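Read through the structure below, which is laid out as structure tokens, and then see the notes.
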Amino acid sequence: MTMTSETQTTVRVPQTPFAEFWSYFIQNRGALIGLCFIVFIVFLAVFADFVAPHHPHEQFRDFILVPPAWAEGGNAQFWLGTDGVGRDILSRLIHGARLSLLIGLVIVSVSLVLGICLGLVAGFFGGFVDVAIMRFADILLSMPALLLAIAIVAILGPSIVNSGLALSLVYLPHYVRLTRASVLTEINKDYVISSRVAGAGALRLMFIVILPNCLAPLIVQATLGFSNAILDMAALGFLGLGAQPPLPEWGSMLATAREFIQSAWWVVTFPGLIILMTVLAFNLMGDGLRDALDPKLKQ
Amino acid sequence: MLQFLLRRLGMVIPTFIGVSLFTFALIYLIPGDPITIMGGERGFGPEQRAELEAMLGLDKPIWQQYFIYLGNVLQGDLGTSYVTRQPVMSEFMSLFPATIELTVCAAIFAVITGLTLGILAAIKRGGLLDHTVMTISLTGYSMPIFWWALLLILLFSVNLGWTPVSGRLDVMFWVDEVTGFMLIDTLLSDEDGAFISALSHLVLPSIVLGTIPMAVIARMTRSSMLEVLGEDYIRTARAKGLSKRRIIVKHALRNALIPVITVMGLQVGLLLSGAILTETIFAWPGIGKWLIESIGRRDYPVVQGGLLLIATIIILVNLLVDLMYGVVNPRVRHSK
């Protein structure tokens, strides 16, 4: 259903929804910076094997705890220096980006898909199903995310897969609640009723008729969920409950760097900086998306 | 009011039951059964095993076991640690004051700095100060606090030598434990300088733990203040010729604080889970460090009991915040 007028008048051709969204989005400088940084980090992650100067696990026994290239005693071979066993920090950070983004993507996708399904079912069918699903979500929400994730990892055992599973479960209720709330506002609108009258089945109503109209808040939540996933994953790695050494995960890199805090500042500084910048980028972009997608907040 | 109270209480009970079901299930979901874990490497013979099963009630049907567990929990019996052989409850009670002390100091830091920054940013909207505050707030909100802690240690403890690296009190002091709160105990003792030592140990952990809540509160205060400052009654107050200071403190701030209070309440859960990270880094002898160490030692009764207690505290605090909110804002208690 395009809105272009056939009569040749001076009426401006309405923007496509995407163009309208984009024009709002690029007005927000922070969001644009966030997006650029994310694109950059994704590029590094995808081409880590070509971009990284060294293999992330390769130990240069003659170059243990070398400071960054610009500092005194630095070596141009290792831009950001080396860690306690002589591994190149820059290469580990680049490969860590791959790990963090991938695990973030998995966590967000799993909780988003499951959350959408549960939320649609709860909102669409109502009654006992609704009560049961929402009670379950409330119980999960009553515990802080990190605490709940720690509890689940305590059961399953520390590993990167288990902590990913735990975090997917922890973020689930947010998507369930959001989807259900949007479904409830949409379900009694005319277009839904008319397709129901036209004989659309429950599945078609849920996924094809209603869902596309509920997506905006979900996209925003998923972007912000990415930053939470990366942050909490790093925290679990730092506590020794997430990724296990020698995986170059940012949080577990920090955990092993702790012992060098008095002697080698660079081992401690860079992994945290990259976590902060990535999380900040996703938060900036999430805020920008929310402003651009939600007409109620547009000013 | 009574009806509001009862309705809110009615929501707490199912949540508590859900949490207790979860912690009860924890012991059955871990790989290997509890008795094998208790036995360690030596293990038990079949007879001993049967005896232990009967003693621990593991031979009963599972639903019965849950009710026994729930009954014990409600009487304050959370089992015994596999490692120290101490009751979980008494271990928790002896470590909890350290965590409360830390979280309260962090909360004080977060509220004072957060409110100040938020108000200043709202008054100077669009200016340099506003932008600085918003940047600090956004950075603080995205901060991996375990890294932030390491940076602060690096700067203030290692390079400048201003604050100690870890613990609650310098080893040269010996202070009798009266309340469990180091700040109070050192004041009660007659050791010179002990209070200063305790205080200096608290500074960095409180800042670290308070950073994210501070960022959230600053952001919320700013937007809430901006909303209130645009209201008609503020214009009226201005038209009456009241001083700017009086308008902000008496008219705007009071109304702007209502949503801020809710946000503060929501931070309690964040503070308690953040305490796990903060305590681990600063070797702070509280429940967070205890819990993480117990996971490492596979001390499951402690993990089970500790989780249940922390979750219960968070549920109760949230309840308290809701009730307080209902007292402050009548619209809440009469809705639906």
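At a glance:
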item: Calculated Rg and Dmax of segment B:96-289 using C-alpha coordinates, Å; result: 19.4, 62
item: Degrees, to the nearest 10: A:215-238 long Cα axis against longest axis of chain A; result: 20
item: Rough spin-label spacing in nm, given labels placed 7 Å along Cα→Cβ, for A:Phe136 and A:Ala69; result: 5.3
item: Modelled FRET efficiency - R0 30 Å, B:Arg254 with A:Gln27, Cβ distances, 0.05 increments; result: 0.30
item: Distant-in-sequence amide H partners of B:Thr80 (H built 1.01 Å from N, under 5 Å); result: B:Val88
item: Segment B:Phe173-B:Asp77, extension gain: residue separation times 0.36 nm, minus the distance between their alpha carbons; result: 31.1 nm
item: Dipole magnitude of segment A:138-206 about its Cα centre (Cβ charges: Lys, Arg +1; Asp, Glu -1), debye to nearest 20; result: 160
item: Choice from A:Tyr171, A:Tyr191, A:Tyr24 with maximal GNM fluctuation in chain A (Cα, 10 Å cutoff); result: A:Tyr191
item: Pair-distance profile P(r), taking every C-alpha pair of segment A:53-110, with 5 angstrom steps and integer %; result: 5, 21, 24, 17, 11, 9, 7, 5, 2, 0
item: About the Cα centre, charge dipole magnitude for segment A:21-297 (Lys/Arg +1, Asp/Glu -1 at Cβ), debye; result: 680
item: Orientation-averaged projected area, Cα convex hull of segment A:202-299 (nm²); result: 9.3
item: Shape metrics for chain A, restricted to C-alpha atoms - Rg then Dmax, Å; result: 23.4, 77
item: Phi-based couplings in Hz for segment A:125-134 (Karplus 6.51, -1.76, 1.60; Gly and Pro marked x); result: 8, x, x, 5, 4, 4, 4, 4, 5, 5
item: Chain B shape via C-alpha gyration tensor axes, a/c threshold 1.5; result: oblate
item: Cβ-Cβ FRET estimate between A:Arg204 and B:Arg7, R0 fixed at 51 Å, reported to 0.05; result: 0.85
item: Helix-derived mean residue ellipticity, 222 nm - over the protein assembly as shown, DSSP H n ≥ 4, -39500 (n - 2.57), to 500; result: -23000 deg cm²/dmol
item: Stretch in chain A that is longest and holds no GluC sites (Glu not before Pro) that DSSP places in a loop and that have at most 12 other beta carbons within 10 Å; result: A:73-299
item: Cα-based Kirkwood hydrodynamic radius, segment B:1-112, one decimal, Å; result: 17.4
item: Label-zone membership for segment B:124-158, site B:Ser243, 7 angstrom Cα→C-beta point, backbone N under 19 Å; result: B:124
item: Highest-fluctuation residue, B:Leu120, B:Leu56, B:Leu323 considered, GNM on chain B with Cα pairs under 10 Å; result: B:Leu56
item: Selected from B:Pro14, B:Pro259, B:Val171, residue furthest toward positive end of dipole (chain B; charges at beta carbon); result: B:Pro259
item: Rg ratio (alpha-carbon, reference 2.2 N^0.38 Å) - segment B:218-336; result: 1.54
item: 3J(HN,Hα) from dihedral phi, segment A:204-214, Karplus parametrisation 6.51/-1.76/1.60, rounded to Hz, x for glycine, proline; result: 5, 4, 5, 8, 9, 8, 7, 3, x, 7, 9
item: Candidates per chymotrypsin sites (Phe, Trp or Tyr not before Pro) in segment B:111-203, loop by DSSP, up to 13 other Cβ within 10 Å; result: B:Trp162, B:Trp174
item: Furthest towards positive pole of dipole, A:His57, A:Gly34, A:Val220, structure part segment A:21-297, Cβ charges; result: A:Val220
item: Degrees separating the helix B:254-282 axis from the principal Cα axis of chain B, which is the longest one; result: 40
item: Interatomic Cα distance distribution for segment A:240-285, bins of 5 angstrom, percent; result: 5, 22, 24, 22, 17, 8, 3, 0
item: Inter-chain shielding of B:134-147 (mean C-beta neighbours from other protein chains, 10 Å cut-off); result: 6
item: Sequence-distant residues sharing a close amide H with B:Ser189 (under 5 Å, placed H); result: none
item: Chain B, dipole about Cα centre (Lys/Arg Cβ +1, Asp/Glu Cβ -1), debye to the nearest 20; result: 2380
item: Debye log10 I(q)/I(0) for the protein assembly as shown, one point scatterer per Cα, at q = 0.05, 0.07, 0.12 Å⁻¹; result: -0.27, -0.53, -1.51
item: Spread of Cα-to-Cα distances over 10 Å intervals beginning at zero, given as percent, for segment A:74-136; result: 19, 24, 17, 14, 13, 11, 2
item: 0 to 90° range, to nearest 10: angle between helix B:300-328 axis and chain B longest Cα axis; result: 30
item: Cα-based convex hull, segment B:77-151, per residue volume (Å³, whole number); result: 132
item: Positive-end residue of A:Phe25, A:Val176, A:Leu90, charge dipole of chain A with Cβ unit charges; result: A:Val176
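Bear in mind these aren't lab numbers, they're just calculated from the coordinates by the rules spelled out. Since this is a predicted model, take the numbers as computed values, not measurements. Because the Cβ atoms are built from the backbone with ideal geometry, glycine has one as well, and the counts that use them run over all protein chains shown.
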